[in-house]
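Inspection log for the structure reproduced underneath, given as structure tokens.
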Amino acid sequence: MIRLQDVRRVFHQGRPDELVAVDGVSLHIEGAKVTVLRGPSGSGKTSLLALVGCMARPTSGRIHVGDREVTSLPEHFLAEVRRRTFGFVFQQFHLVRGLTALENVMLPAYPLGGSRKALVIRAQGLLDRFGVGSRSRARADWLSGGEAQRVAIARALVNDPQVIVADEPTAHLDSKLSAGFMDLVAALRDEGRTVVIASHDPIVHDSTVVDRVVTMRDGRIVGEEP
Amino acid sequence: MKRLHIPTWLERQRYLLDFTLSSLGRRKGKNLALTALYAMVVFGLASVLMYTQALRGEAMRILEGAPDVVVQRMVAGRHDLIPADRVERLSRIRGVQEARGRLWGYYYDASAKANLTFLVPEKFWGKAGEVVIGEGVARTRLAAPGEPFPVLASDGSVVILKVRETVPSPSELVSTDLVLLSEPDFRRLFGVPPDLYTDIALTVPNEKEVPMVAAKIRGQMPDSRPITRAEIARTYEAILDWRSGLVVLVLAAALLSFGIVAWDKASGLSADERREIGILKAIGWDTSEVLAVKAWEGAVISLSAFLVGLLLAYVHVFVTSAPLLTPVLKGWSTLYPSFRLTPTLNPFLVSTLFLLTVVPYTVATVVPAWRAATTDPDAVMRS
């Protein structure tokens, strides 16, 4: 599904504060599987996740999404790949304050155009599915942590992406809500979606839902299970 | 090659505009205050420009009926009465169709505390002892047709004239302080001998001959001063330009302070706005879509302020007769003409104002957003 070949990501290259976040990583992420990137803070898992999700370009190396080589794509086409192929769930959920839960879910679909009525039905359906349908008119800043996360997941799915990318999705959730999140992940995988999660939460990487755990340290892959 | 699909493009623009409006709604207080301030600046600028332009129009309308050349006699650098025999001499100059002696002058009316203009028209339609007065005179003196109109003559006696009617004129700008009367009454009031006129008006049908005629007059009558219509037009223009320039200068200070406020607001994205741009990019928005939202935002604010300001200025100038500008731009006399200017909206003026206000603000909104929107979307993951 997604192949990375000898990928490096360097911040402030050539400057005294140069930082190698991802250092020569080659990885093949299989479709319809749950892959977790594990490692301590600063190990490079979030940077690698950003590269996987086409949110950043590698300093060197190549990335293929399906059959398409994406590293050399112009920004406009990369954005197109990003919104059609990937759905993102962020650590802080990153909902737009002041907008309602429903509007937040609809946001990724705006640049695609299409019927507004159909979009509202789709977004409301996703909120219903994740048990926050009754909160669709509530502003994002009024939602609890668990509700905000479910809205963020609904938003990630609104364009019906093949791949869900989640960065530390359980960092702000208690154990019960974290377990609930993993149940949602299982459901997504069962629909045939690929899920890539960066997390150092044992509830995530020890979950039976996870097909593969990739361990990182200092920007490199240091272990893989199974 | 990628083809533009018009319905999708339109739907996308609608979504982006929806998002823009909800963004503006989320910062309602700040945006309303900015729009109001912006509208005030447009209002001020548009009022001055519309007003001077309308005044210029009025002045030019007046000049249409003005003589081609007016000849005055000068004594020691001052305008003096001109001998009546020069009417005949001037009419003999080649190119002059007609020469006519004119009688006019100013009279300080102590009761109205205003200067009135007394004028003997070419063909006075009233009888001796009657006057036709301007609307401003009628207002201040509370004089209606049929009522007496006492005037202090130059010999100290009080001459009681009778108001025949108020003056009909296409422009009240000059007729407001006007008193029309017969020649014998004028001469009696001001003690002007019958062989003298205030000045002489010439009709020169061929416009191209006017400078030549003026030169001949200067040659034949060295103590005279020929004034052409073009020169009067230039003087009017200069006075109006100078006056409007003065007000625009004062407004420039307001404009400058608004510019600073607007630039600060538009160019300095708040942390919240930066975060929002990051989120939009991270969830799949393209830089161009983020910029489109920011451009819409700038356009909505500046366009509504522009339209509100323009509308208010239009009402101020053409409906309420510009009470805020009258003392500066229109005061030749203490009798302010109370008139409605002919409403005109010059496309050049509107587009100039548009270019001076809407375009810079929209650009000021887009440029910093462009800086924020071109950063990698993964910045939001690391924030």
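The values are calculated or read from the model by the stated rules, or taken from the named source; none is laboratory data. It should be emphasised that the depicted structure is a prediction, and the values quoted were computed from it without experimental measurement. Glycine gets a Cβ as well: all are built from the backbone with ideal geometry, and neighbour counts include every protein chain shown.
Computed values, structure above
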{"quantity": "Residue among B:A33, B:A76, B:A59 that is in contact (Cβ under 8 Å) with a residue 12 or more places away in the chain and among the aliphatic types (A, V, I, L, M)", "calculated": "B:A59"}
{"quantity": "Subset of region A:66-88 (residues that are surrounded by fewer than 22 Cβ atoms within 10 Å (Cβ to Cβ), touching a strand residue (DSSP E or B) at 6+ places or on another chain (Cβ under 9 Å) and part of a strand (DSSP E or B))", "calculated": "A:E69"}
{"quantity": "Residue in region A:103-123 that is within 8 Å of chain B (Cβ to nearest Cβ) and polar (S, T, N, Q) present", "calculated": "yes"}
{"quantity": "Selection count, region A:90-142, where residues are on the phi < 0 side of the Ramachandran plot and outside any helix (DSSP H, G or I)", "calculated": "15"}
{"quantity": "Helices (runs of 4 or more DSSP H) contained in region B:1-118 and holding at least 2 residues away from every other protein chain (no Cβ under 14 Å) and buried (at least 18 other Cβ atoms within 10 Å of the Cβ)", "calculated": "B:28-64, B:85-91"}
{"quantity": "Residue match in region A:123-135 (condition: modelled with pLDDT under 90, in contact with a Cys (Cβ under 8 Å, 6 or more places away or on another chain) and under 30 Å from A:H200 (Cβ atoms))", "calculated": "no"}
{"quantity": "Total residues in region A:35-83, condition within 13 Å of chain B (Cβ to nearest Cβ) and in contact with a Pro (Cβ under 7 Å, 6 or more places away or on another chain)", "calculated": "3"}
{"quantity": "Any chance B:G77 is of a type outside the set (K, R) and under 30 Å from B:T140 (Cα atoms)", "calculated": "no"}
{"quantity": "Options A:D206, A:D174, A:D190, A:D201; residue that is more than 14 Å from chain B (Cβ to nearest Cβ) and buried (at least 18 other Cβ atoms within 10 Å of the Cβ)", "calculated": "A:D201"}
{"quantity": "Output for region A:124-157, where each listed residue is within 14 Å of another protein chain (Cβ to nearest Cβ) and acidic (D, E)", "calculated": "A:D141"}
{"quantity": "Residue count, region A:84-94 (criterion: more than 16 Å from A:I2 (Cβ to Cβ) and more than 8 Å from chain B (Cβ to nearest Cβ))", "calculated": "2"}
{"quantity": "Selection status of B:A153, modelled with pLDDT of 85 or more, surrounded by fewer than 18 Cβ atoms within 10 Å (Cβ to Cβ) and closer than 30 Å to B:A215 by Cβ", "calculated": "no"}
{"quantity": "So B:E58, is it more than 20 Å from B:Y106 (Cα to Cα) and modelled with pLDDT under 80", "calculated": "yes"}
{"quantity": "Residue that is nearest to the other protein chains (Cβ to nearest Cβ), among those in region B:280-318 that are over 30 Å from A:R83 (Cβ atoms) and surrounded by fewer than 19 Cβ atoms within 10 Å (Cβ to Cβ)", "calculated": "B:S304"}
{"quantity": "Test for A:D128: is it surrounded by fewer than 18 Cβ atoms within 10 Å (Cβ to Cβ) and closer than 25 Å to A:V96 by Cβ", "calculated": "yes"}
{"quantity": "Every residue from region A:151-179 that is within 24 Å of A:A79 (Cα to Cα) and part of a helix (DSSP H, G or I)", "calculated": "A:V151, A:A152, A:I153, A:A154, A:R155, A:A156, A:L157"}
{"quantity": "Residue among B:L10, B:L49, B:L32, B:L4 that alone is more than 24 Å from B:E289 (Cα to Cα) and at pLDDT below 85", "calculated": "B:L49"}
{"quantity": "Residues within region B:325-383 that are of a type in the set (S, T, N, Q), within 30 Å of A:P74 (Cβ to Cβ) and at pLDDT below 75, tallied", "calculated": "3"}
{"quantity": "Tally, over region A:8-25, of residues that are surrounded by fewer than 16 Cβ atoms within 10 Å (Cβ to Cβ) and without any contact (Cβ under 8 Å) to a residue 60 or more places away in the chain", "calculated": "9"}
